[in-house]
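Participant: Have a look at the structure that comes next, please.
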Amino acid sequence: MPPMLRSLALMTLGILLLTANDATSKYLVQSHPVGQVIGLRQAATLLVLVPYMMFFSRWNLLRVVDLRGQLLRGVLFIIGSVLIVWSLAELPLATAITMLYISPIIMVILSVPLLGERISRHRWIAVIGGFAGVLIIMRPGGSTFQWALMLPLLAAMVNALRDVITRRLARTETSIAILFWSNIILMVGGFATLPMGWAPVSTHDAFWFIAAGIFNGTAHFCIIDALRTGEASALAPIRYTALLWAALLGFLVWGEVPELWLLAGAAVIVGSSLYMIRGEHRR
């Protein structure tokens, strides 16, 4: 298989698995606290990470150079994950995931003060378009406005800040180290909620916790491998297939039918992001 075609296939599979992880988390959070879902899901992710390190990589790649940066990214990962799982509990799957995709556009804004980058004209157009898409979905002031829509928006902001930190962290840390230690920090954060009360885990639920962990870990490896061998500008649009997977899973599992306003807002957000990607590629 040609390298670029292989990268496209891996990215598509990775995004599908990430969406499956979100759908599984949405199912589990209906009967388990948010902290428990996060803790057990990330523990199950180790079923993928540890064998990978044992058979396909080297343990010294987990060496931490920037401890403060790793801890900061881990804390942001915890906050973002709590907001995401909480939003999955309150909103239709497609709505929550669509709102999260404003994150790359927020990252553009944060890159100015934190990374010293300049924002070009096409980036500013994408930023304005992206927030217009969010307003179409949220319709603030309208009779159908839901406070829960703020959850994925806040999560997108936190994730954008986390991604900016990741870009700085990647100068000293390996990809597997960032992935592994963030997973550990998130798992510990989830387990810290044990005194607040956890729900019993049935055999059926245990299966889905393990499935979520495997979906999560495998998805990240697929995406990392795709980015290693393929062009980032060509692979970036594939990320938006998550909106299709989310709409399909939401309909099949929960009978959720996306509203017209959601579809319109999603089209504006995706269009703005693709315009920004195209502009970066041409530059």
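Participant: For the structure I just gave you, tell me whether TRP181 is under 30 Å from GLY271 (Cβ atoms) and of a type in the set (A, V, I, L, M, F, W, C). Steps first, please.
Facilitator: Details: under 30 Å from GLY271 (Cβ atoms): no; of a type in the set (A, V, I, L, M, F, W, C): yes.
No, not satisfied.
Residue by residue, here is whether (1) touching a residue at least 12 places away in the same chain (Cβ under 8 Å); (2) in contact with a Phe, Trp or Tyr (Cβ under 7 Å, 6 or more places away or on another chain); (3) surrounded by fewer than 16 Cβ atoms within 10 Å (Cβ to Cβ); (4) assigned to a helix (DSSP H, G or I) holds:
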| site | (1), (2), (3), (4) |
| --- | --- |
| ILE84 | yes, no, no, yes |
| SER87 | yes, no, no, yes |
| GLU117 | no, no, yes, no |
| PHE131 | yes, no, no, yes |
| VAL134 | yes, no, no, yes |
| ILE137 | yes, yes, no, yes |
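Participant: Scan ARG167, ARG162 and give me the residue that is surrounded by 17 or more Cβ atoms within 10 Å (Cβ to Cβ) and closer than 26 Å to GLY130 by Cβ.
Facilitator: Selected residue: ARG162, the only one of ARG167, ARG162 that is surrounded by 17 or more Cβ atoms within 10 Å (Cβ to Cβ) and closer than 26 Å to GLY130 by Cβ.
Participant: Something else: Can you pull out the residues in the range 229-249 that are free of Cβ contacts under 8 Å to residues at least 40 places away in the same chain and either crowded, with 17+ Cβ neighbours inside 10 Å or closer than 25 Å to PRO2 by Cα (or both)? Walk me through how you get there before you give the answer.
Facilitator: Just the residues of the range 229-249 that are free of Cβ contacts under 8 Å to residues at least 40 places away in the same chain, to begin with: 232, 244, 248.
Within the range 229-249, ALA232 is the sole residue that qualifies.
Participant: Please list, ordered by first then second residue, the pairs with beta carbon atoms under 7 Å, 6 or more apart or interchain, first in the range 48-73 and free of Cβ contacts under 8 Å to residues at least 60 places away in the same chain, second of a type in the set (A, V, I, L, M, F, W, C).
Facilitator: Correct list of pairs: TRP59/MET53.
Participant: With respect to LEU151, determine if the residue is within 30 Å of SER57 (Cβ to Cβ), assigned to a helix (DSSP H, G or I) and touching a residue at least 60 places away in the same chain (Cβ under 8 Å). Before the answer, list the steps.
Facilitator: On the way: within 30 Å of SER57 (Cβ to Cβ): no; assigned to a helix (DSSP H, G or I): yes; touching a residue at least 60 places away in the same chain (Cβ under 8 Å): yes.
Considered against the rule, which asks whether it is within 30 Å of SER57 (Cβ to Cβ), assigned to a helix (DSSP H, G or I) and touching a residue at least 60 places away in the same chain (Cβ under 8 Å), LEU151 comes out as no.
No value in this document is a laboratory result; all are computed from the given coordinates. Since the model is a prediction, treat every value here as computed from it, not as a measurement. Backbone-built Cβ (ideal geometry, glycine too); neighbour counts: all protein chains shown.
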